Amino acid sequence: MASGLYSLSTWVDSYLNERSQYVRIGDRVSVSVSCHYGVPQGSVLGPLLFTIYTSPMFSVITPFRNVHHAQYADDTQLYIALSTDKALSVINDCFQSVHRWLGANGLCLNPDKTEAIVIGTAARQSSEPLVDDVIVAGVTVPVTRTVKSIGVATDNTLSFDVAGVARYLRARTASTSSQANRN
């Protein structure tokens, strides 16, 4: 078994090291340069290796009481119920710890692609103090009314615009049908 793990390790190492890349536009090709970081774009192993590499982030998040998370590819979502006055500071502290972990591991948090949303019933949201923004990596991230996750839009009251989803699905079905008919 140990020799099998060694072979796998050697194979992954050869996959990631001593690579080069170049750009081709039409019949013109750039100079080839060494690639010291990352995995080949569009590779089958890329998402798996990234998931393995970032899986220790779980141990950074779990010490924060009541903070839950979900990861999909390079998207990490943090969740907390605003059931106590300390919840906002807990989620902010968790953001900062994740940011530090990413930096220590050669990755970065992109505040421009970071979103925050406070979800609750309309009555609950009107009775609670307004949360305008959160601080992520020293950047103020405004709280929005809707966010998208894997293509699904969620609004701050979880109203799920069924009519909008139906319109989207009809449009996608029509588009797919017209493409199939052309082929």
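The values are calculated or read from the model by the stated rules, or taken from the named source; none is laboratory data. Just so it is clear, the model here is predicted, and its values are computed rather than measured. Side chains are part of the model used for accessible areas, which takes the heavy atoms of the whole protein and leaves out ligands, DNA and RNA. Shrake-Rupley method; radii C 1.70, N 1.55, O 1.52, S 1.80 Å.
Once you've got the GNM for the chain with C-alpha springs shorter than 10 Å, pick whichever of Asp27, Asp133, Asp112 has the biggest mean-square fluctuation.
Residue with maximal mean-square fluctuation among Asp27, Asp133, Asp112: Asp27.
At a threshold of 8 angstrom on Cα-Cα distance, excluding pairs fewer than six apart, so keeping six or more, what relative contact order does the chain reach in percent?
That works out to 11 percent.
Out of the total accessible area of the chain (probe 1.4 Å, heavy atoms of protein only), what percent is carbon and sulfur?
58
Based on C-alpha coordinates, I'd like the Rg and Dmax of the chain, in Å.
Using the Cα atoms of the chain, the pair Rg, Dmax is 21.9, 63 Å.
Angle check, please: helix 45-54 long axis (alpha carbons) against the longest principal axis of the chain (alpha carbons), in degrees 0 to 90, nearest 10.
50
Which whole-number percent gives the relative contact order of the range 50-122, counting Cα pairs below 8 Å spaced six or more residues apart? Please report the intermediate quantities before stating the final value.
On the way: 50 pairs, mean separation 17.6, N = 73.
Taking the mean separation of contacting Cα pairs over the length of the range 50-122, I get 24 percent.
Compute the acute angle (0 to 90°) between the alpha-carbon long axis of helix 162-182 and the principal axis of greatest extent of the alpha-carbon atoms of the chain; round to the nearest 10°.
For 162-182 against the chain, the angle is about 30 degrees.
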